[in-house]
Amino acid sequence: MDPKVNTKVILASRPTGYPTEEDFLIVESEIPSLKEGELIVKIDWLSLDPYMRGRMNDARSYAPSVEVGDVMVGGAVGTVVESRTPLFSVDEVVEGNFGWQSYALSSGVGLRRVNPLLGPVRSSIGILGMPGLTAYFGLLDVCQPLAGDTVVISAASGAVGQVVGQIAKIMGCTVIGTAGTDEKVRYIVDELGFDVGINYKNENVGNSLDSACPNGIDIYFDNVGGFVTDEVIKRINTGARIAICGQISQYNLREPELGPRNLFHLTKSQAKMQGFLVFAYEAQYDKALNRISKWIKAGKLKYREDIVEGISNAPKTFIGMLQGENLGKTLIKVS
Ligand SMILES: NC(=O)c1ccc[n+]([C@@H]2O[C@H](COP(=O)([O-])OP(=O)(O)OC[C@H]3O[C@@H](n4cnc5c(N)ncnc54)[C@H](OP(=O)(O)O)[C@@H]3O)[C@@H](O)[C@H]2O)c1
């Protein structure tokens, strides 16, 4: 095979607060020739996700940090272009943690073969991948929705939130979403069928929740934390379920915020609050993906993708996503 140039985005420095483009460096290198037991994937689509902000820190977490000088971590989907392993053949489409780069060298271990019959291959890192599965298990397993429940979702127009709200509607719930622009609020109500959308940046969230949830809140799917979460917790019902999916309002703070201090509401309501990681459900992914795919094909699940072309645009697109510039799942079209 002719030598290929790999364009990579590496971590140049650890940010404090919001990352800047200077925290990343774009470099090119030649892909070494394959050894026995290896394969090369040409990356087609890269997923940009909030968890990557945590990997830029030098802090203990559920997964190791990216070292300064290393390729940024990230899920991606691509095509096998060369293989010296029996695990995958040339032309197969695979999804894995390939990082922010245009080609990836892999042993094939841990890669997932993408089933093109389920949906477009790029959705294997979106609604038919990690974010969609997060919505599915976080809502159905952690929150156990019942028909008639009132469900509130924060960051409701994003990759995870847009799916949570629609699955909750399928389950017969009343669904309220919070989001940061009027366009996002219109999207979740007019296109996705949420019952109410609240713009947390220009409405009084407490008052809006009072009018949207006159009978209180049974389920809260929390993607953001901070003051939105404070207002929701004040309004939970007896037996409420709260899934702590993410806390994006905290990821870019220079100093951690104090709180939460209102957890006695959980005592009074005998409520359950549970954090979860989607990876714990890996053994059940196939069944969930089939179900999600059927809902999409039946027109019950819609989704938006926010697509930007070119691996070199990944840093500014990632920074924009952390600041709410995306609508739907943020993807980079690599090739
Ligand atoms: N537990 C798991 O296994 C798991 C897996 C995947 C994702 N997650 C978490 O799920 C959450 C959503 O992820 P995603 O991929 O779907 O991202 P996303 O919603 O597509 O994008 C992030 C959104 O967060 C919102 N946001 C940013 N800063 C905020 C702030 N200070 N307060 C409130 N909202 C803010 C922005 O929307 P607005 O314009 O609405 O502010 C932005 O568009 C994240 O917290 C992520 O870490 C967890």
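Got a number for carbon plus sulfur as a percent of the chain's accessible area, 1.4 Å probe?
50 percent
Ordering TYR251, TYR187 by accessible surface, largest first, gives TYR251, TYR187; the 1.4 Å probe counts only protein heavy atoms, with every chain in place. What you get for the chain, charging only the Cβ of Lys and Arg (+1) and of Asp and Glu (-1), is a dipole of about 860 debye around the Cα centre.
Taken about its Cα centre, segment 130-279 carries a charge dipole of about 340 debye when Lys and Arg each add +1 at the Cβ and Asp and Glu each add -1 at the Cβ. Grab the alpha carbons of segment 130-279, take their convex hull, and tell me the volume per residue in Å³. Dividing the Cα hull volume of segment 130-279 by its residues yields 105 Å³.
Couplings 3J(HN,Hα) of segment 156-171, computed from phi: 6, 9, x, 4, 7, x, 4, 7, 4, x, 6, 5, 4, 5, 4, 7 Hz, in residue order, whole Hz [Karplus 6.51 cos²θ - 1.76 cosθ + 1.60, θ = phi - 60°; x for Gly and Pro].
Taking loop as defined by DSSP and a crowding limit of 15 other beta carbons within 10 Å, which GluC sites (Glu not before Pro) in segment 193-286 fit?
GLU203, GLU257
The mean accessible area for residues of segment 130-279, using a 1.4 Å probe and ignoring ligands and nucleic acids, is 42 Å² per residue. Please label the shape of the chain as rounded, prolate or oblate, based on the square roots a ≥ b ≥ c of the eigenvalues of the alpha-carbon gyration tensor (a/c under 1.5 means rounded; beyond that, a/b larger than b/c means prolate, else oblate). Prolate.
Comparing mean-square fluctuations of ASN115, ASN237, ASN202 from a GNM of the chain with C-alpha springs under 10 Å, the top value falls on ASN202. Annotation: amide H-H contacts under 5 Å for GLY193 (H modelled 1.01 Å from N, sequence separation of 5 or more, or interchain): none. The antiparallel fraction among DSSP beta bridges confined to segment 197-335 stands at about 0%. In the chain, helices alone account for a calculated mean residue ellipticity at 222 nm of -6000 deg cm²/dmol, with every DSSP H run of four or more residues adding -39,500 (n - 2.57).
Positive-end ranking of ASN207, SER249, THR238 along the dipole of segment 130-279, with charges on Cβ about the Cα centre, is headed by THR238.
Considering only alpha-carbon pairs that sit under 8 angstrom and 6 or more positions apart, the relative contact order computed for segment 130-279 is 23 percent.
The phi-based Karplus calculation (6.51 cos²θ - 1.76 cosθ + 1.60; θ = phi - 60°) puts the 3J(HN,Hα) values of segment 65-75 at 6, 7, 7, 4, x, 8, 5, 4, 6, x, x Hz, whole numbers, x for Gly and Pro. Projecting the Cα atoms of ILE319, ILE219, ALA59 onto the charge dipole of the chain, computed from C-beta unit charges around the Cα centre, puts ILE219 farthest toward the positive end. When peptides 82-94, 171-183, 148-160 are ranked by their average number of other Cβ atoms within 10 Å per residue, the highest-first order is 148-160, 171-183, 82-94.
When the chain is treated as a GNM with alpha-carbon contacts under 10 Å, the residue of ASP286, ASP44, ASP195 showing the greatest mean-square fluctuation is ASP286.
Here TYR285 sits with roughly 40 square angstrom of accessible surface, probe radius 1.4 Å.
The values are calculated or read from the model by the stated rules, or taken from the named source; none is laboratory data. Worth saying up front: this structure is predicted, and the values here are computed from it rather than measured. All Cβ positions, glycine included, derive from the backbone under ideal geometry; neighbour counts span all protein chains shown. Surface areas here come from the heavy atoms of the whole protein model, side chains and all, with no ligands, DNA or RNA. Shrake-Rupley method; radii C 1.70, N 1.55, O 1.52, S 1.80 Å.
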